[in-house]
1. In the stretch 254-277, how many residues are closer than 24 Å to Val383 by Cα, small (Gly, Ala, Ser) and open to solvent by less than 50 Å² (accessible area, probe 1.4 Å)?
2. Six or more apart or on different chains, Cβ under 6 Å: which pairs go from a residue in the stretch 58-85 that's in contact (Cβ under 8 Å) with a residue 60 or more places away in the chain and under 17 Å from Arg171 (Cα atoms) to one that's among the basic types (Lys, Arg) and surrounded by 14 or more Cβ atoms within 10 Å (Cβ to Cβ)? Could you list them?
3. What do you reckon, is Gly175 exposed (fewer than 13 other Cβ atoms within 10 Å of the Cβ) and either closer than 23 Å to Ser134 by Cβ or under 31 Å from the mean Cα position of the chain (by Cα) (or both)?
4. Going by the structure shown, is Ala67 of a type in the set (Gly, Ala, Ser), outside any helix (DSSP H, G or I), closer than 24 Å to Thr153 by Cα and modelled with pLDDT of 95 or more?
5. Only residues that are more than 30 Å from Asp40 (Cβ to Cβ), without any contact (Cβ under 8 Å) to a residue 60 or more places away in the chain and open to solvent by 10 Å² or more (accessible area, probe 1.4 Å): list them for the stretch 278-302, please.
6. When residues of the stretch 178-205 are filtered for being open to solvent by 60 Å² or more (accessible area, probe 1.4 Å), part of a loop (DSSP other than H, G, I, E, B) and under 14 Å from Arg156 (Cβ atoms), how many remain?
7. Within the stretch 34-55, is even one residue assigned to a helix (DSSP H, G or I) and farther than 19 Å from Asn327 by Cα?
8. Tell me, yes or no, whether the stretch 311-323 has at least one residue that is under 14 Å from the mean Cα position of the chain (by Cα) and farther than 28 Å from Ala209 by Cα.
Amino acid sequence: PGEHDRPADRTFEHLTFPVELLEEVATGRWDETSALDLRDGELARRYALLRGVLDRARPEIIGPLPALNEPLGLLQEAQQRNPGLVKQMLLHPTVGGWLGHTLRRLGSEQSSQTPRWVDIGYFHTLAAAAAFRSGIECNIRVPVRDGGVMLPTLGRARVAHQEDQPFANARIAQGSLQVSTDKTTVDMPSQFTTDAQNWEGARWVTLEADGFEWTVLLDDLDPFRSSQGPLPPKRLDTATAQRWEATFARAWALLVGGHPEQARQIMGSSGLLTVVPWEAKKRFAPFSSSGSENLGGAEMSEPYDETQAAVTLVHELGHTTLNKLMNLIPLQNPGDDSRLYVAWRDDPRPITGVLHGVVAFSVVANFYLQQLQVATGRARDLVALEAALWRQQVWNGAQILQARPDELTTYGQFFLEKLMARVEPWLSVELPPQAVSRARIIGANHKAHWYGHHLSPAQDLIDEAAAAWAAQDEVPASIF
């Protein structure tokens with residue numbers, strides 16, 4: 001709040017935002033104390049969004065579900081019994097995705113195959129899950145979606161329902177949870193993470209190495225697990241899930257052993273809480289993504305080894321951390337319509353995209369520079385190449401931002417200054433000459449293709465070249 005765009009001085013003393021947090025995120029030094037600012041800021045934002053859903057969900061669009069004061073009452077009772085648990089559940093990545101999607105639907109009259117009350121009803125399932133985990137007995141009607149009832153953080157009950165009654169009842173009594181329709185009754189097993197008849201347990205994975213423990217949900221069930229919008233469940237088979245877990249276990253050991261600061265950030269209160277499995281879009285091109293709503297969640301294709309898994313996790317943590325920061329304070333002035341070149345995308349990018357890439361790939365460059373200390377043999381050659389490529393491309397991206405100061409707020413300029421001060425020393429780190437040469441070729445090749453695809457020469461040059469070709473003359477020097 002207040003005058004944040006261009007204060008007369010650079011001391012920031014008259015502003016309320018803790019600029020120390022900007023510097024800690026920019027330099028990668030944020031810790032659990034810093035994470036509290038990020039986490040509590042995100043929690044406050046979600047409370048505001050939830051208030052918006054409650055205000056806009058008029059009684060006539062709730063459908064067959066109970067009025068919202070019923071699940072709200074359950075959530076409030078759970079908060080009185082276990083405030084830490086409810087805070088944890090409200091910060092779950094899928095809740096952020098649900099809030100954003102549902103608010104957009106409530107503000108639009110566009111039709112959809114999914115009734116709005118089904119989207120709103122995720123709040124009822126969230127309240128039921130919180131009630132169960134807080135030891136509250138209740139019986140609440142919940143929506144059926146894609147042939148099942150998803151109870152966030154717990155799992156999914158597969159149920160059959162009648163078309164005229166697309167809902168189920170969730171009953172919690174004496175420490176057990178039962179989901180039932182007129183056709184199906186599903187009892188959640190005592191160990192809810194395991195599968196049972198018509199029950200698919202949430203795949204919580206706990207990884208431990210040298211005293212560092214990270215618990216993450218491999219989420220293949222929740223409809224709001226993706227930043228791309230609601231998705232039906234896509235259950236991994238047992239062998240595939242075990243393969244993911246084994247790769248993550250090796251990646252976690254790698255991070256703890258060689259990158260303990262990043263490991264602490266990943267496992268912390270503002271770290272990564274869920275990983276959503278995706279199929280790679282093409283061979284040798286691993287996919288990963290994270291959005292500004294499902295904060296704390298990372299979407300990624302199956303890693304082909306532990307190094308790729310580890311670097312993807314720290315990369316997506318970079319995006320997540322910047323998104324949380326940008327939800328708290330504006331780093332960019334409004335009205336940006338720039339379309340710029342960056343080495344990590346084939347499409348033109350706005351300033352926000354450049355900033356995100358610079359931050360996320362600075363984490364990648366730092367990872368590989370650190371990994372050089374332990375890598376050996378042919379693996380070290382690849383690590384050196386990655387380090388050479390990304391340190392240069394991050395610097396190039398930062399210079400693009402630096403050349404457009406009017407598009408960044410004073411906070412954004414301060415953030416960029418601290419980020420560039422971190423990256424610049426990396427350019428003088430001695431790397432194998434072959435790695436530096438290959439990185440230069442890769443960068444030049446990508447840039448040439450990008451310019452060839454996205455830039456058009458002036459029409460008079462095209463006419464001049466066409467005339468020369470038709471006359472079988474040499475290409476005019478002016479073309480170049």
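The values are calculated or read from the model by the stated rules, or taken from the named source; none is laboratory data. As the structure is a computational prediction, the values presented were derived from the model and not from experiment. No Cβ is skipped: glycine too gets one built from the backbone with ideal geometry, and neighbour counts run over all protein chains shown. Each accessible area value is taken on the protein alone, full model and side chains, heavy atoms only, with ligands, DNA and RNA left out. Shrake-Rupley method; radii C 1.70, N 1.55, O 1.52, S 1.80 Å.
1. 2
2. Matching pairs, first to second residue: Leu65/Arg141; Pro66/Arg141.
3. Yes; evaluated as a whole, the condition is true for this residue.
4. For Ala67, the condition - of a type in the set (Gly, Ala, Ser), outside any helix (DSSP H, G or I), closer than 24 Å to Thr153 by Cα and modelled with pLDDT of 95 or more - is met.
5. Trp278, Glu279, Ala280, Lys281, Lys282, Arg283, Phe284, Ala285, Pro286, Phe287
6. 3
7. yes
8. Yes, there is a match, as at least one residue in the stretch 311-323 is under 14 Å from the mean Cα position of the chain (by Cα) and farther than 28 Å from Ala209 by Cα.
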